[in-house]
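Notes follow once the structure below has been shown.
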Amino acid sequence: MGEKVIERFELKYLQIVDEAGVADPSLISSFPDGLIKKFFEAIVLTRTYNERALSLQREGRLGTYASVYGQEACQIGSALALEKGDWVFPSFRESGVFLTLGYPIWQMLRYWKGDERGMKIPRDINIFPMSVPVGTHIPHAAGAAWAMKIKGHKNASLCYFGDGGSSRGDFHEGLNIAGVLKLPAVFICQNNQWAISVPRSRQTAAKTIAQRAWSYGFEGVQVDGNDVLGVYSATKGALEKAKKGGGPTLIECFTYRLDDHTTADDASRYRSGEEVKEWKGKEPLVRLKILMQKKGLLSGEYEKTVNEKAKALVDKAIEEEEAYPPSEPEDIILYTNSSLTPRQSREIKELGWQK
């Protein structure tokens, strides 16, 4: 018997601006100057916030914190592609997404201080609380997309996770049902090369994470995750396709985590300084600034104004957060469930916490 020929998938790789700030002329023309400035301002704000959060943690004014340094383009490019009515399902490193969507900075800081009230989402922002357990929110994103489809909403869900999250059972379950039901969902894997100390090479024998989508019957795309324009374009296209009934997309943003996994980690134990140095030359803000200089969009005065505005916003948020009253001990019991159980009611009375 002859061999049976199986149709092979074709994986797309998208890059609009390379490491030297050189843009693909056939693609850059669709980006207005105002949008490019939005990218820059959002990255500066995120980086300013991130640097201050790291300093606050070292001073004992925040708890363990997960830095976003190096991954700003993945988050800001995708968040700016969203439309009102779309829903976002973040993991614990998506500070850039929260800030880009207008989440109150003081609440973000409060959350990293260990106060769950920091994740009391404002009603006008369609984002779920940060998911610290790895990958557990992926089926939630698929479920929300299913609800949108059933109700006839022309919106989509957008879900973020890392390369480590792509090895979780939740990833496979979420993507499987999304493919079977052709759900309006976009799954963004921020492949930052390291799942804490586990390298990308130990996550899967597949050449890319994006190609896993084809196992579930939908498209996978790999994009330069340090190219904010490329991420925006890939996400916008995937969201538009999802809303038109074209089904889900898995986008692998190929990027790098320039800081430790969290402030409780020491990445020098498992990766080399040479590797980090190499990736610093590819980081998103540097290449965007080169592009903007070439286009005449980055004057010294403009950059100074953007930096000062970001610093002022973060400083004001720190003052606001630190002036906020701490949680009451009884909140641990009062807000665990929607209503108190008989045992919880008894404990509150015994502790003299009755309100």
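Every number here is computed from the coordinates shown, using simple stated rules; none is lab data. Quick caveat, the model's predicted, so the values are computed rather than measured. So basically every Cβ, Gly included, is an ideal-geometry build from the backbone, and we count neighbours across all protein chains shown.
For this structure, a couple of remarks:
- Among 44, 228, 276: highest mean-square fluctuation, GNM of the chain, C-alpha pairs under 10 Å: 276
- Residue order, fewest to most surrounding Cβ atoms within 10 angstrom, among 12, 113: 12, 113
- Free-standing Cys residues across the chain, given no other cysteine C-beta under 4.7 angstrom: 159, 189
- Alpha-carbon centroids, segment 286-355 and segment 146-168: separation in whole Å: 25
- Tensor-based shape of segment 94-179 (alpha-carbon gyration tensor, a/c under 1.5 rounded, otherwise prolate or oblate): oblate
- 5 angstrom amide H check on residue 91, placed H, neighbours 5+ away: 131, 160
- Under a Gaussian network description of the chain, with springs only between Cα atoms under 10 Å, the residue in 340, 297, 229 that fluctuates furthest is 340.
- For segment 17-91, the Cβ-based charge dipole about the Cα centre amounts to some 400 debye (Lys, Arg positive; Asp, Glu negative; other atoms uncharged).
- Overall form of the chain per C-alpha gyration tensor (a/c, 1.5; a/b vs b/c): oblate
- Computed label-point distance, nm, for sites residue 315 and residue 240 using a 7 Å Cα→Cβ extension: 4.2
- Considering only GluC sites (Glu not before Pro) in DSSP loops that have at most 10 other Cβ atoms within 10 Å, the longest stretch of the chain without any of them is 60-355.
- Helices meeting the span-like rule in the chain (full DSSP H runs, Cα extent of at least 15 Å along the helix axis, mean Kyte-Doolittle score of -0.5 or higher): 33-58, 138-151, 169-180, 228-243, 284-294.
- Solution diffusion estimate, µm²/s, Stokes-Einstein, segment 10-72, Kirkwood Rh from C-alpha pairs, 20 °C, viscosity 1.002 mPa s: 148
- Most mobile of 204, 341, 46 in a GNM of the chain (Cα contacts under 10 Å): 341
- Amide H contacts under 5 Å for residue 127, placed H, 5+ residues apart: 88
- Of 12/236; 241/280; 37/304; 84/304; 38/311, those spanning more than 25 Å from alpha-carbon to alpha-carbon: 241/280; 84/304
- Rounded if a/c under 1.5, otherwise prolate or oblate - segment 1-130, Cα gyration tensor axes: prolate
- Here the simple spin-label model places points 7 Å from the Cα toward Cβ, and for residue 274 and residue 61 these points are separated by 4.0 nm.
- Ranking of 260, 124, 315 by count of other Cβ atoms within 10 Å, fewest first: 124, 315, 260
- Applying both filters, DSSP loop and at most 12 other Cβ atoms within 10 Å, to the trypsin sites (Lys or Arg not before Pro) of segment 242-278 gives 244.
- Taking amide hydrogens as placed 1.01 Å from N in the peptide plane, the amide H of residue 257 sits under 5 Å from those of 194, each at least 5 positions away in sequence or on another chain.
- Working note: Karplus 6.51/-1.76/1.60 with θ = phi - 60° gives segment 190-202 the couplings 7, 7, 9, 6, 9, 9, 6, 9, 8, x, 3, 5, 9 Hz, where Gly and Pro are set to x.
- Centre separation in Å (Cα based) which lies between segment 32-111 and segment 197-265: 18
- Counting only aspartates and glutamates at least 8 places from residue 294 when in the same chain, those with an alpha carbon closer than 15 Å to its own are 18, 19, 24, 33, 303.
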